[in-house]
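The structure under discussion appears below in the form of C-alpha cells.
Values quoted throughout were computed directly from the atomic coordinates according to the rules given, and no laboratory measurement underlies them. Since the model is a prediction, treat every value here as computed from it, not as a measurement. Heads up, the Cβs are rebuilt from the backbone with ideal geometry, glycines too, and the neighbour counts pull from every protein chain shown.
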Amino acid sequence: MSPDTCNHHTQRLLIVDDEETMCELLQFNLQKAGYIVDTVLSAEDALRRDLSIYDLFILDIVLGHMSGLELAKLLKENKSTADTPIIFCSARNNVDDIVNGLNIGADDYITKPFSIKEMEARVRSVLRRKAIVDAHNNQLSFETLKIDTIVNRATIDGHSIALTRTEMDMLTLFMRHPNRFFSRNEIFENVWPEQVIVIDRTVDVNISRMRKKLGRYAAHIINRPGIGYGFIDTPN
C-alpha cells in the first residue's frame, strides 16, 4: 500500500532530530517509501518553518535548548498544527517518558534503536488513522461559510452557493487545511481525476469563478506567487 492510499496529496513529513545521521537515514528511507521528507536538527529550526504544510512530525525528545516535548506542546497549542499527528522517536525508553509524550498528544512513541521497517509501519499506521478521522469530519465551517461534504453543499448565512463540483472540491480542500498553501500541481492531484489533462490556467479560472460566488469570504482565498493558493482565516 502506498502512502497516498489514505490521502490524495503526497504526504509531507518533518523530522526533528539533533543526530544528523539519523535524519539522513530516516529521510532516505521514508522518501523511498513515497513521502516528501524534510529534516531539521533543532526545535528552534523547526519553528522557523511553515509547519502548517506537514502531515506528520517525527520528533526526538532530547534536542538542544528546547526539547521535543516542549516543541510538541507548542504544536498542539497552534491551531494550524494542533491536529497534525506526532511520533516521538527517542532513546529514552522509561515509562514516564513514554507516558509524558502520549499525554501531550503524541500519536505514537518509538524507542531507539528501531528497524526502518518498524518506523515505516508506524508512519503508515498513524497517517491512516488520521485519514479515517478526517473522513468522518464531514462538516466544515468558517464563521457563516459552511460545507457539508456528504451532500456537497456550501452555504453562506444559511443560503446555498451555486458552486460547480470542481469549485466545491477546491474550497473543501482549502477549508480542510486552513492557512496552508497548495501549489497548482497539488490542487490538480486533489481535485482533478488522473486521466484528465489540465493546464495551469484552469486552476486560476476556477478559483476566480469561485471567488465571485463567495461574497465577503472571497478575500480569504489567497494566492501567494510561487507558493500557491490557500484559505486564510485572517487575511491582511
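Relative to the longest principal axis of the chain, what angle (0 to 90°, nearest 10) does the C-alpha long axis of helix 68-77 take?
20 degrees
Among [x] 17.9, 62; [y] 16.9, 58; [z] 19.1, 57, find the value of Rg and Dmax of the Cα atoms in Å that was calculated from the structure presented, and write down its label.
Checking each listed value against the structure points to [z].
Between 190, 94, 78, which gets the highest mean-square fluctuation from a Gaussian network model of the chain, Cα cutoff 10 Å?
94
Report, in deg cm²/dmol and to the nearest 500, the calculated mean residue ellipticity at 222 nm for the chain, where each DSSP H run with n ≥ 4 adds -39500 (n - 2.57) and the sum is divided by the residue count. Intermediate values should be presented prior to the final figure.
Details: 8 runs with 93 residues, N = 236.
So the helix-based figure for the chain works out to -12000 deg cm²/dmol.
For the chain, with a Gaussian network of springs between Cα atoms less than 10 Å apart, report the residue from 210, 175, 22 with the top mean-square fluctuation.
22
Treat the count of other C-beta atoms within 10 Å as a stand-in for reagent exposure and order 180, 216 from fewest to most.
On the way: 180 19, 216 11.
So the residues, fewest neighbours to most, are 216, 180.
Take the Cα radius of gyration of the stretch 3-135 and divide it by 2.2 N^0.38 Å, with N its residue count; two decimals is plenty. List each step's numbers first, then the result.
Numbers: Rg = 13.5 Å, N = 133, 2.2 N^0.38 = 14.1 Å.
Normalised by 2.2 N^0.38 Å, the Cα Rg of the stretch 3-135 equals 0.95.
With everything on Cα atoms, drop me the angle between helix 200-213 and the longest principal axis of the chain, reported from 0 to 90° to the nearest 10.
The angle comes out near 70 degrees.
Between residue 234 and residue 102, what is the FRET efficiency for a Förster distance of 30 Å, r being their Cβ-Cβ separation, to the nearest 0.05?
Working: r = 32 Å, r/R0 = 1.08.
E between residue 234 and residue 102, to the nearest 0.05, is 0.40.
Name the long-range amide H neighbours of residue 108: under 5 Å, sequence gap of 5 or more, or other chain; modelled H, no Pro or chain starts.
86, 88
Just list whichever of 146/213; 76/130; 79/213; 73/112 have alpha carbons separated by over 18 Å in the model shown.
On the way: 146/213 14 Å; 76/130 15 Å; 79/213 27 Å; 73/112 22 Å.
From the list (146/213; 76/130; 79/213; 73/112), the Cα-Cα distance tops 18 Å for 79/213; 73/112.
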